[in-house]
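Notes follow the structure.
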Amino acid sequence: MTTFDAGAEFDRQVQGLLDLGYPALAGLTAGEFATLVAPARETVLARGPMGPATASAVPFALVVRVDPYRSVPLLTLAGKKKPGVVDRNYAEGEVARFVPVEDLGVPDVAAYVVFDVERGEEFCDVRPQEAMETIAGRGRTPLTIEEGIAVATHFPATLEKNKCFMLGGSRCGDRRVPALWISAGAPKLGWCWAGNPHTWLGTASAGARA
């Protein structure tokens, strides 16, 4: 049985962000970026035993706060190169209105880790509002937009045809729920109504944040 090396996985994620130019997106030098994410590495190492990622679940994802209008175009599907897009059904600049819901426990820092992530395909064809009630009953919380982007950045295989996911941890006060799905062969950040089920959209969730 192969032992999962959480430190090596964290370093892989950091290198991936460096390759994508995240330090510049965050307004930092490479050195400042390394300093920013260093505490998160210690958090991961202190977490305890974890298993490797699968297409439907990942042990953790490093989240670095970056404007989604700049991070979504860096998304690609597994093995593909076409850049991600923000759905035009968002009004200009409107994604910024979608903020973490109360009591989600999102750390008030520029970089943190979301643990025990499930993309939630069991909730395909389930109304998002009902899925989130079930998730809460399990002691879990829905992912935010930034967290969903982080998961899809580090683990492109999680975004799969007919197994895409809602990001109910970010809301703007109306009935819309953000989601990541595939459109024209590329990732797309869009939204759907909280009361409408979709056969191809589950609801992603996390076990913890730190």
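What follows draws every value from the coordinates through simple rules; no lab data is involved. Because the structure is predicted, anything quoted here is derived from the model rather than measured. Cβ sites come from the backbone with ideal geometry, for glycine too, and all protein chains shown count toward neighbours.
Before moving on, here are some points about what is shown:
- Leading residue by the ranking (surrounded by the fewest Cβ atoms within 10 Å (Cβ to Cβ)) among those in region 75-114 that are within 15 Å of PHE155 (Cα to Cα) and among the aliphatic types (A, V, I, L, M): ALA78
- Qualifying residue in region 177-188 (condition: hydrophobic (A, V, I, L, M, F, W, C) and over 28 Å from VAL14 (Cα atoms)): yes
- All of (1) in contact with a helix residue (DSSP H, G or I) (Cβ under 6 Å, 6 or more places away or on another chain); (2) not in a loop (DSSP other than H, G, I, E, B) hold for ALA55 with one exception: (2).
- Among the residues of region 188-210, those identified as among the hydrophobic types (A, V, I, L, M, F, W, C), over 13 Å from the mean Cα position of the chain (by Cα) and in a loop (DSSP other than H, G, I, E, B) are ALA194, TRP200, ALA210.
- Hits in region 60-73 (condition: touching a helix residue (DSSP H, G or I) at 6+ places or on another chain (Cβ under 7 Å) and either outside any loop (DSSP other than H, G, I, E, B) or among the hydrophobic types (A, V, I, L, M, F, W, C) (or both)): PHE60, ALA61, LEU62, VAL63, VAL64, VAL66, PRO68, TYR69, ARG70, SER71, VAL72
- Subset of region 1-10 that is out of contact with any helix residue (DSSP H, G or I) (no Cβ under 7 Å at 6 or more places or on another chain) and touching a residue at least 24 places away in the same chain (Cβ under 8 Å) - its residue that is surrounded by the most Cβ atoms within 10 Å (Cβ to Cβ): GLU9
- Residues in region 17-35 that are surrounded by 18 or more Cβ atoms within 10 Å (Cβ to Cβ) and part of a helix (DSSP H, G or I): LEU17, TYR22, PRO23, PHE33.
- Residue among THR76, THR43 that is in a loop (DSSP other than H, G, I, E, B) and among the polar types (S, T, N, Q): THR76
- Flag if VAL117 is closer than 15 Å to GLY190 by Cα and either free of Cβ contacts under 8 Å to residues at least 40 places away in the same chain or touching a helix residue (DSSP H, G or I) at 6+ places or on another chain (Cβ under 9 Å) (or both): no
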